[in-house]
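A short worksheet on the structure shown next.
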Amino acid sequence: MKAVWTIAKRELVGYFTSPVAYVFLVIFLLLTGFFTFTAGNFFERGEASLAAFFGWHPWLYLVLVPAVGMRVWAEERRSGTIELLLTMPVATWQAIVAKFLASWIFLAVALVLTFPAVITVNLLGEPDNGILFAGYVGSLFLAGAYLAITCMTSAMTRNQVVAFIVSVVICLFFILAGFNPVTDLMARWASPALVDTVAAFSVVTHFDGFQRGVIDTRDLVFFLSLIGFALFATGVIIRGHRAG
Amino acid sequence: MRPLSKLVRISRDLAVIKIQNLVKAFGAKRAVDDVSFTVERGEVLGFLGPNGAGKSTTMRMITGFMPPTSGRVAIGGFDVADSPIEAKRLIGYLPENAAAYPDMTVRAFLEFAAELRGLTGGARKKALGRVVEQCFLEAVLSQSIDTLSKGYRHRTCLAQSLIHDPQVLIMDEPTDGLDPNQKHEVRNLIRDLGSSKAIVFSTHILEEVDAACTRAIIIDRGRIVANGTPAELRGMSERAGAVVLQAQGASAEKLSPLGRVEQVNGAFRIYPADKSKAGALAQAVIDLVSRERWKVEGMFNEAGELDEVFRRITLPDTVRKQ
């Protein structure tokens, strides 16, 4: 566990010593603000909730999370430091988990910095803060799922741009599988059971419950197993290209 | 009881690095083909070979970065495939091109390496002080690695490999890209460290073999083609044991009964018919000179040249035929 913490700490410090992290944070906060208050019609809704805020997260993360995670392994491979890291007395899974955790913590920090939205809605009305909390938990797991997928694609290549694009495409599939316009289209020719099965693989479907304030074990299991699977695949990919 | 049994295991087996029938195949191509050797404590092994001969691949397998296609690597009695963590603990590794995290300062990078090696608090501070002194990094400690010159970056990565005072040191081209002074320093460091460790370093600079190695292995197209002390390798040279004579009045005709004679820049090089009797050749030449009353301007015994040996045994067949 100590090795995991050592590596995660290095990654985190790495994030905060590079200007890119601050650019990311500013862009993330500007975009959440824009989508919530302008595009999301926060004021016109007349309800004391952050539905306008959370509703955009699957789309916002689609671009921002791969931007955070694309360098995780691609950069190690490009610069050759992967050889240094994996010849240290640490197991490969420790390095994978550590790098994932560091990026996840960074995303959590970004999410925490959206607290003015919570303050705003509390000043204007009397929202159910339990629902808001559940929304944040769901959002964090959503970001974690995208991040794990990005770690996986990042391990496939030494080119960050490739990692970014492939991650966006994969994450997009996980949105579209449960995106209403898509499921409606599918319902025209597919059986309801099939539509439901496909939708069950979508992050949107599982994020919905959190937004309504329900922390359902099934949704948690979905996100955790998606993360677990993607990180396991990362391990397989890394072992693969080490073997040559 | 475990630490004691470990100790016994290590001290009983002098060969700290033991490599048996190592093979690495990339598709149909065998990058490393049945390589076996051992390195004992106190030995500095130079790993020579042309580019692409399989040096880096072999080192990656020794350090546990790459699993071999077949064969075994044992470090201090620990099999790299079966107990990778224990084996890696004993190794310090300087990868090719001295990879290091560019966004970190030298100090942060070394502290990171120390922590991964299990050094904390006072022990970490002491280790840091030691390697900073060994690798002359005092001046750049708080500089970030991407602003360092190549020489400093190399030494930073070298310091990383020494931080836990490992029993085994694996270095992939440790002097690559350094200026002559830095090369000299690194070679001296390697030689000093060699007395208490088992060291393997790869290079394609032959003078390094003389400067730092107690033994050298030449590898070509994945196979070991020579293994011996620098003197033994030099002895494989055609010229080894030849006598070069520069004397007024000397002629190839008179010298030819002693062996094959070759003229070089006004001097004569006489090859012994039998390499093991090279000493007798020198005496025979002296006898001839005094009999013929030639005026000797210079005479010496050739020890052989490493680069000639290297070229002869690592040239591709196609080139050799020409």
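General observations
- Nearest-ten-degree value, helix B:150-162 long axis tilted from longest Cα axis of chain B: 70 degrees
- Compared with the alpha-carbon gap, the fully stretched path from B:Met299 to B:Ser36 is longer by 90.6 nm at 0.36 nm per residue.
- Cα→Cβ-extended label distance, 7 Å offset, between A:Arg78 and A:Leu123, nm: 4.2 nm
- The ranking of A:Leu86, A:Leu30, A:Leu147, A:Leu140 by Cβ neighbour count inside 10 Å, starting from the fewest, reads A:Leu30, A:Leu140, A:Leu86, A:Leu147.
- A crude spin-label estimate for the pair B:Lys29 and A:Leu172, with each label 7 Å from Cα along the Cβ direction, gives 3.6 nm.
- Selection from A:Leu147, A:Gln94, B:Leu90 lying farthest towards where the dipole of the protein assembly as shown points positive, charges on Cβ: B:Leu90
- Kyte-Doolittle at least 1.0, axis length at least 27 Å by Cα - qualifying DSSP helices, chain A: A:92-112, A:129-156, A:217-243
- Residue-count net charge about B:Phe37 - beta-carbon cut-off 10 Å; Lys, Arg +1, Asp, Glu -1: +2
- Centroid-to-centroid separation of segment B:211-276 and segment B:44-108 [C-alpha atoms, Å]: 36 Å
- For B:Gln263 and B:His184, the difference between the fully extended length at 0.36 nm per residue and the C-alpha to C-alpha distance is 24.9 nm.
- Measuring between their Cα centroids, segment A:214-244 and segment A:35-112 lie 15 Å from each other.
- Each residue, B:Arg223 and A:Val20, gets one label point 7 Å from its Cα in the Cβ direction; the gap between the two is 4.6 nm.
- For segment A:179-244, a crude dipole built from +1 on the beta carbon of Lys and Arg and -1 on the beta carbon of Asp and Glu, taken about the Cα centre, is about 320 debye to the nearest 20.
- Each of A:Ala51, A:Asn41, A:Thr157 was placed along the dipole of segment A:2-239 (beta-carbon charges, centred on the mean Cα), and the one lying farthest toward the positive end is A:Thr157.
- Order of A:Leu172, B:Leu90 under a 10 Å beta carbon neighbour criterion, fewest first: A:Leu172, B:Leu90
- Length gained when the stretch A:Phe43-A:Ile215 is fully extended (0.36 nm per residue, less Cα-Cα span): 59.2 nm
- Only Lys, Arg (+1) and Asp, Glu (-1) charged, at Cβ; chain B dipole about Cα centre in debye: 680 debye
- Top of B:Phe109, B:Phe300, B:Phe136 by mean-square fluctuation, Gaussian network on chain B, Cα under 10 Å: B:Phe300
- Springs between Cα atoms under 10 Å define the GNM used for chain B, and in it the highest mean-square fluctuation of B:Lys150, B:Lys24, B:Lys254 occurs at B:Lys254.
- Fraction of beta bridges assigned by DSSP in chain B that are antiparallel (%, nearest 5): 65 percent
- Helix B:2-12 vs. chain B, principal-axis angle (Cα, 0 to 90°, nearest 10): 0 degrees
- Estimated from helices alone, the mean residue ellipticity of the protein assembly as shown at 222 nm is -17000 deg cm²/dmol (sum of -39500 (n - 2.57) over DSSP H runs with n ≥ 4, per residue).
- In a reduced charge model with +1 at each Lys and Arg Cβ and -1 at each Asp and Glu Cβ, segment B:193-288 shows a dipole moment near 220 debye about its Cα centre.
Any read-out appearing in this document is the output of simple, stated calculations on the displayed coordinates, not a laboratory observation. Just so we're clear, the structure is a prediction, and the values are computed from it rather than from any experiment. So basically every Cβ, Gly included, is an ideal-geometry build from the backbone, and we count neighbours across all protein chains shown.
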